[in-house]
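Report on one structure; see the data block that follows.
The values are calculated or read from the model by the stated rules, or taken from the named source; none is laboratory data. Keep in mind that what you see is a predicted model, and the values were worked out from it rather than measured. Glycine gets a Cβ as well: all are built from the backbone with ideal geometry, and neighbour counts include every protein chain shown. Just so you know, the surface numbers come from the protein's heavy atoms only, side chains and all, with ligands and any DNA or RNA stripped out. Shrake-Rupley method; radii C 1.70, N 1.55, O 1.52, S 1.80 Å.
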Amino acid sequence: MVVGFGAGLVYYGMPLGAGNLDFNLHLSVTFNALAEFPSALLSFFLISRLNRRCAVITLSMVSGVLSILCVFLSRERKGGLSLPRERMWDVLVSVERKGDIKNGSQMGAEIVAFFSCCTASNILLLYCLELFPTSVRNSALSLLRQAIVFAGAFSPLLVVLGRRECILVIRRCLGW
């Protein structure tokens with residue numbers, strides 16, 4: 001349930017927090033929607049070949065690291081960490097044409113984080129389905145789904161707090 005809560009925070013919070021990032025909101029929502037379909041296909045085709053526990057842990061860690069990296073890749077962060085222009089990690093194409101894409105590396109990190117979170121959520125639901133015997137399977141899946149939905153209800157609060165003090169929210173979530 002804890003992993004489901006974390007996956008739900010990222011799954012529902014990432015599209016809500018896309019307005020806080022340094023690029024076009026409409027482009028971000030479009031890429032997030034386009035990333036969700038391949039993640040379902042990847043889960044479908046690789047579920048028989050993957051160790052489910054390791055896959056969920058690895059994909060969740062990748063999603064978490066890249067989500068935190070989005071904060072550090074910010075150029076114009078209010079209340080967060082702002083790196084100088086010389087130290088930016090522009091891995092992807094950075095096109096600055098009327099605000100289309102201000103920071104390509106931040107957008108790439110956000111899309112890969114959302115993709116890996118979607119894949120981890122799909123694998124987690126299938127893993128929960130296979131993990132429990134038939135007598136408690138419905139209850140276990142209901143509890144996992146409730147944890148994901150509860151995180152979806154809790155994520156707007158973190159998005160609003162992240163607009164004010166982004167680094168403070170990360171420190172509190174990590175227990176620093």
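Looking at Ala113, Ala153, can you tell me which residue is surrounded by 12 or more Cβ atoms within 10 Å (Cβ to Cβ), of a type in the set (A, V, I, L, M) and either outside any helix (DSSP H, G or I) or modelled with pLDDT of 60 or more (or both)? Among Ala113, Ala153, only Ala113 is surrounded by 12 or more Cβ atoms within 10 Å (Cβ to Cβ), of a type in the set (A, V, I, L, M) and either outside any helix (DSSP H, G or I) or modelled with pLDDT of 60 or more (or both). Would you pick out the residues in the range 1-19 that are over 12 Å from the mean Cα position of the chain (by Cα) and open to solvent by less than 30 Å² (accessible area, probe 1.4 Å)? The one that is over 12 Å from the mean Cα position of the chain (by Cα) and open to solvent by less than 30 Å² (accessible area, probe 1.4 Å): Gly4. Scanning the range 116-148 for residues that are among the aromatic types (Phe, Trp, Tyr) and not in a helix (DSSP H, G or I) yields one hit, Phe132. Only one entry in Thr58, Thr30 is loosely packed, with under 13 Cβ neighbours inside 10 Å and of a type in the set (Ser, Thr, Tyr), namely Thr30.
Restrict the check to the range 55-74 and report whether at least one residue is of a type outside the set (Asp, Glu), more than 20 Å from Cys128 (Cα to Cα) and not in a helix (DSSP H, G or I). There is at least one residue in the range 55-74 that is of a type outside the set (Asp, Glu), more than 20 Å from Cys128 (Cα to Cα) and not in a helix (DSSP H, G or I). Residues being under 15 Å from the mean Cα position of the chain (by Cα) and among the hydroxyl-bearing types (Ser, Thr, Tyr): count how many of those fall in the range 106-152. Total meeting the criteria: 3. Is it the case that some residue within the range 61-80 is open to solvent by 60 Å² or more (accessible area, probe 1.4 Å) and modelled with pLDDT under 75? Scanning the range 61-80, I find at least one residue that is open to solvent by 60 Å² or more (accessible area, probe 1.4 Å) and modelled with pLDDT under 75, so the answer is yes.
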